[in-house]
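Colleague: Sharing a structure here in structure tokens format.
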Amino acid sequence: MERQTVRLGIIGAGNVGAALVAMLLDESRFPALLEAVGAPLSISAIAVRDASKVRPGIPAKLLTTDPLALATRDDVDIVVELAGGVDDAYRYVHAALSAGKSVVTANKALIAAKGTELEALARLQNVDLIFEAAVGGGIPILRALRTSLVGEKIHRVMGIVNGTTNFILSAMASDGADYGDVLAEAQRLGYAEADPTADVEGFDAAAKVTILSALSFGTSLEGAAIARQGISAITADDVAFAKRHHYVIKLVGVAERVGEFGISMRVHPAMLPEAHPLASINGAFNAVFVEGAKAGPLMMMGQGAGGNPTASAVLGDILEAGRNRLLGRRSATPDVETNLHMIPQGELQSSFYLTLDVLDRPGVLAAVTSVFGDHGVSIRLMEQSGMGDEARLTLVTHLALESDMTATLEDLQTVDTVDAIGACIRIVGEDLA
Ligand SMILES: NC(=O)c1ccc[n+]([C@@H]2O[C@H](COP(=O)([O-])OP(=O)(O)OC[C@H]3O[C@@H](n4cnc5c(N)ncnc54)[C@H](OP(=O)(O)O)[C@@H]3O)[C@@H](O)[C@H]2O)c1
């Protein structure tokens, strides 16, 4: 490229876009950015939906309401997609890549839905498609996986990658409060959406696991079958049990190698021993814990969301894409490994925590434990607490196959003295604590 400026077209000036523009216009950072790219950065245009909104710090003359035109403008080298959503963002990013622009995006939903197709287009065009902020906000974990750890055989990546659920579970642990009360408080404080489903049922974390797995193992970015369980069934009693037994309940996203060619991807609440590195990640913080064959265990933690942390990660991508454009190259991305297969959830092993509300009658314990025995699931701990005519049984199993535990749960539903079955939570990470 002969020009001496790398020119940006930014789509979106919301939380992340506005923070990014402020960083790009901060003159005290110009020398560092110039040094990193090899040429100055400039902003050619910023697309928004409503150009009449008051936007402090955003030069009005740069605003446009036509993101598709911005994506293909001659005076744009890198398109930065910070609008969100899937369908419109896909059109903008597809148009930009087709026009030979490099693309930086923070949009995990787009990458988890269309990433393989868009990456193929970026390769064809010899341009970058970089999306660091799509996982873990300000934590540069994807770059670490793409560069420093690219030669490492990774066994497992396990992350707390959703700040809303971590905020809720942390508050339940510190206050002893119920899920519903903490969720309402999180909504009041702006940590949870009015409709919290994507966060609390694990959809957001599943999109991030898809991306982490693609960069760690070469799995496809599209159509990943991720087993998913959210946190809405977790009660204050579950959290209290965890505390008494030195565990912490976290929503974890896991991608791991099983044998040489098997991969498991899942999102579920987990009881982690208090000494596990992820157990101390509280509030809205995120962290990703990686286990590599030679590197051993390592962890990065930081702000999983927020305008400034996310924009910081986006800026890092812009610098990488800008340098690449000047050098006429693109950053390497892992090939999709076609010989990997997904391991069915039932074939995995775990210890499980479970509560059962049962009628307080003679013979109930024998009926319950015989169901576990029928499926070869052995019990390592059982507590009983009275509740009038009922009793609450809290059980922890030894390692068991998930398929055996599922069959146990199904049969427990048919035992007439079992009134209710509570959250079934996997106990993980005991080997690392
Ligand atoms: N916020 C975070 O902490 C965070 C963390 C990690 C990743 N991300 C990702 O970053 C992206 C942006 O998030 P955000 O929080 O900054 O969102 P946001 O505050 O809702 O801002 C979205 C911006 O995009 C503009 N926009 C939306 N649709 C548009 C369209 N069709 N045409 C033109 N402009 C359009 C909006 O314009 P108006 O201003 O006119 O409405 C707004 O400026 C999302 O993909 C999100 O998942 C966010």
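The values are calculated or read from the model by the stated rules, or taken from the named source; none is laboratory data. Values in this document were obtained by computation on a predicted structure and should not be read as measured data. Because the Cβ atoms are built from the backbone with ideal geometry, glycine has one as well, and the counts that use them run over all protein chains shown.
Colleague: For the range 10-44, give me the residue count where each residue is within 12 Å of the ligand (Cβ to nearest atom) and out of contact with any Asp or Glu (no Cβ under 8 Å at 6 or more places or on another chain). Please lay out each step first, then the result.
Modeller: Taking the range 10-44 as the starting set, the residues that turn out to be within 12 Å of the ligand (Cβ to nearest atom) are 10-21.
With out of contact with any Asp or Glu (no Cβ under 8 Å at 6 or more places or on another chain) added as a condition, the list becomes 10, 13-21.
Here the count works out to 10.
Colleague: Filter the range 64-78 down to the residues that are under 19 Å from Leu41 (Cβ atoms) and in contact with a helix residue (DSSP H, G or I) (Cβ under 9 Å, 6 or more places away or on another chain), then identify the one that is farthest from the ligand (Cβ to nearest atom).
Modeller: Asp77
Colleague: Scan the range 243-255 and give yes if some residue there is in a loop (DSSP other than H, G, I, E, B) and buried (at least 19 other Cβ atoms within 10 Å of the Cβ), otherwise no. Reasoning before the result, please.
Modeller: Kept after step one, since they are in a loop (DSSP other than H, G, I, E, B), are these residues of the range 243-255: 245-246.
Narrowing further to those that are buried (at least 19 other Cβ atoms within 10 Å of the Cβ): none.
No; the residues of the range 243-255 include none that is in a loop (DSSP other than H, G, I, E, B) and buried (at least 19 other Cβ atoms within 10 Å of the Cβ).
Colleague: Please go through the range 114-140 and pick out each residue that is away from the ligand (no atom under 16 Å from the Cβ) and without any contact (Cβ under 8 Å) to a residue 60 or more places away in the chain.
Modeller: Ala120, Leu121, Leu124, Gln125
Colleague: Further question on the same structure: Give the range 260-279 a look and list any residue that's in a loop (DSSP other than H, G, I, E, B) and touching a residue at least 12 places away in the same chain (Cβ under 8 Å), or say none. Full working, then the answer.
Modeller: Going through the range 260-279, the residues in a loop (DSSP other than H, G, I, E, B) turn out to be 260-261, 274-276.
Across the range 260-279, the qualifying residues are Phe261, Glu274, Ala275, His276.
Colleague: Select, from Ala295, Ala279, the only residue that is surrounded by fewer than 16 Cβ atoms within 10 Å (Cβ to Cβ), among the small types (Gly, Ala, Ser) and touching a Leu at 6+ places or on another chain (Cβ under 7 Å).
Modeller: Numbers: Ala279 fails: surrounded by fewer than 16 Cβ atoms within 10 Å (Cβ to Cβ).
One residue alone meets the criteria, Ala295.
Colleague: Among Asp204, Asp195, Asp199, Asp175, which is surrounded by fewer than 21 Cβ atoms within 10 Å (Cβ to Cβ) and either more than 26 Å from Pro277 (Cβ to Cβ) or modelled with pLDDT of 95 or more (or both)?
Modeller: On the way: Asp204 fails: surrounded by fewer than 21 Cβ atoms within 10 Å (Cβ to Cβ); Asp199 fails: surrounded by fewer than 21 Cβ atoms within 10 Å (Cβ to Cβ); Asp175 fails: either more than 26 Å from Pro277 (Cβ to Cβ) or modelled with pLDDT of 95 or more (or both).
Among Asp204, Asp195, Asp199, Asp175, only Asp195 is surrounded by fewer than 21 Cβ atoms within 10 Å (Cβ to Cβ) and either more than 26 Å from Pro277 (Cβ to Cβ) or modelled with pLDDT of 95 or more (or both).
Colleague: Scanning for something part of a strand (DSSP E or B) and touching a residue at least 12 places away in the same chain (Cβ under 8 Å), does the range 323-338 turn up at least one residue? I'd like the intermediate steps shown before the answer.
Modeller: At the first step, the residues of the range 323-338 found to be part of a strand (DSSP E or B) are none.
No, because not a single residue in the range 323-338 is part of a strand (DSSP E or B) and touching a residue at least 12 places away in the same chain (Cβ under 8 Å).
Colleague: Can you tell me how many residues in the range 79-90 are of a type outside the set (Val, Ile, Thr), under 23 Å from Arg330 (Cβ atoms) and more than 9 Å from the ligand (Cβ to nearest atom)?
Modeller: Qualifying residue count for the region: 1.
Conditions (1) among the aliphatic types (A, V, I, L, M); (2) assigned by TED's automatic domain parsing to the domain that holds Val161; (3) in contact with a Gly (Cβ under 6 Å, 6 or more places away or on another chain), marked per residue:
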position: Leu215; (1), (2), (3): yes, yes, no
position: Leu221; (1), (2), (3): yes, yes, yes
position: Asp237; (1), (2), (3): no, yes, no
position: His245; (1), (2), (3): no, yes, no
position: Arg257; (1), (2), (3): no, yes, no
position: Ser280; (1), (2), (3): no, yes, no
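Colleague: Only one of Gly190, Gly159 is surrounded by fewer than 16 Cβ atoms within 10 Å (Cβ to Cβ) and not assigned by TED's automatic domain parsing to the domain that holds Leu110. Can you tell me which? It would help to see each step written out before you state the result.
Modeller: Details: Gly159 fails: surrounded by fewer than 16 Cβ atoms within 10 Å (Cβ to Cβ).
None of the other options fit; the residue is Gly190.
Colleague: Further question: Looking only at residues that are within 16 Å of the ligand (Cβ to nearest atom) and hydrophobic (A, V, I, L, M, F, W, C) in the range 253-311, which one is farthest from the chain's Cα centre (by Cα)? Talk me through it step by step, then tell me what you get.
Modeller: Step one: list which residues in the range 253-311 are within 16 Å of the ligand (Cβ to nearest atom), which gives 253, 283-288, 300-311.
Now narrow it down to the ones that are hydrophobic (A, V, I, L, M, F, W, C): 284-285, 287-288, 300-301, 305, 311.
Values: Ala284: 13, Phe285: 12, Ala287: 9, Val288: 9, Met300: 13, Met301: 13, Ala305: 11, Ala311: 17 Å.
Once the filter is applied, the top-ranked residue is Ala311.
Colleague: Another question, if that's okay. Any idea which residue in the range 71-92 is farthest from Ile318 (Cα to Cα), counting only those that are of a type in the set (D, E, K, R) and surrounded by fewer than 23 Cβ atoms within 10 Å (Cβ to Cβ)? Walk me through it before giving the result.
Modeller: Our first condition is that a residue be of a type in the set (D, E, K, R); within the range 71-92, this holds for 73-75, 77, 81, 87-88, 91.
Then drop every residue that is not surrounded by fewer than 23 Cβ atoms within 10 Å (Cβ to Cβ), which leaves 73-75, 87-88, 91.
Numbers: Arg73: 18, Asp74: 18, Asp75: 16, Asp87: 23, Asp88: 21, Arg91: 20 Å.
Within the range 71-92, the match that is farthest from Ile318 (Cα to Cα) is Asp87.
Colleague: Continuing with this model, one more query. Go through Ala112, Ala83 for me and flag whichever is modelled with pLDDT under 95 and either within 20 Å of the chain's Cα centre (by Cα) or more than 24 Å from Asp199 (Cα to Cα) (or both). Explain how you work it out, then say what you get.
Modeller: Values: Ala83 fails: modelled with pLDDT under 95.
Result: Ala112 is the single residue among Ala112, Ala83 that is modelled with pLDDT under 95 and either within 20 Å of the chain's Cα centre (by Cα) or more than 24 Å from Asp199 (Cα to Cα) (or both).
Colleague: Pull up the range 224-237, narrow it to residues that are in contact (Cβ under 8 Å) with a residue 60 or more places away in the chain and out of contact with any helix residue (DSSP H, G or I) (no Cβ under 9 Å at 6 or more places or on another chain), then point me to the one that is nearest to Asp178 (Cα to Cα). Full working, then the answer.
Modeller: From the range 224-237, those in contact (Cβ under 8 Å) with a residue 60 or more places away in the chain are 224-225, 227, 230-231, 233-237; that's our starting set.
Checking the rest, the ones that are also out of contact with any helix residue (DSSP H, G or I) (no Cβ under 9 Å at 6 or more places or on another chain) come to 225, 237.
On the way: Ala225: 31, Asp237: 9 Å.
Among those that are in contact (Cβ under 8 Å) with a residue 60 or more places away in the chain and out of contact with any helix residue (DSSP H, G or I) (no Cβ under 9 Å at 6 or more places or on another chain), it is Asp237.
Colleague: Looking for whichever is out of contact with any Gly (no Cβ under 9 Å at 6 or more places or on another chain), outside any helix (DSSP H, G or I) and either within 16 Å of the ligand (Cβ to nearest atom) or modelled with pLDDT under 95 (or both) here; the options are Arg7, Arg3. Which one fits?
Modeller: Working: Arg7 fails: either within 16 Å of the ligand (Cβ to nearest atom) or modelled with pLDDT under 95 (or both).
Residue meeting the stated conditions: Arg3.
Colleague: Please go through the range 347-364 and give me each residue that is within 17 Å of Gly422 (Cβ to Cβ), without any contact (Cβ under 8 Å) to a residue 60 or more places away in the chain and outside any loop (DSSP other than H, G, I, E, B), ordered by number.
Modeller: Val364
Colleague: Evaluate the following for Ala51: is it within 9 Å of the ligand (Cβ to nearest atom) and either closer than 15 Å to Ala321 by Cα or not polar (S, T, N, Q) (or both)? Even if it seems obvious, please write down each step before you answer.
Modeller: On the way: within 9 Å of the ligand (Cβ to nearest atom): yes; either closer than 15 Å to Ala321 by Cα or not polar (S, T, N, Q) (or both): yes.
Here the answer is yes, as Ala51 does meet what is asked.
Colleague: Mind checking which residues of the range 93-107 are within 14 Å of the ligand (Cβ to nearest atom) and surrounded by 24 or more Cβ atoms within 10 Å (Cβ to Cβ)?
Modeller: Val93, Ala96, Val103, Val104, Thr105, Ala106, Asn107
Colleague: Would it be correct to say that Ala122 is of a type in the set (Gly, Ala, Ser), farther than 29 Å from Gln4 by Cα and crowded, with 21+ Cβ neighbours inside 10 Å? Steps first, answer last, please.
Modeller: Values: of a type in the set (Gly, Ala, Ser): yes; farther than 29 Å from Gln4 by Cα: no; crowded, with 21+ Cβ neighbours inside 10 Å: yes.
No.
One line per residue, one yes/no per condition, for (1) touching a Cys at 6+ places or on another chain (Cβ under 6 Å); (2) aliphatic (A, V, I, L, M); (3) not in a loop (DSSP other than H, G, I, E, B):
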| residue | (1), (2), (3) |
| --- | --- |
| Val150 | no, yes, no |
| Ser170 | no, no, yes |
| Ala205 | no, yes, yes |
| Thr210 | no, no, yes |
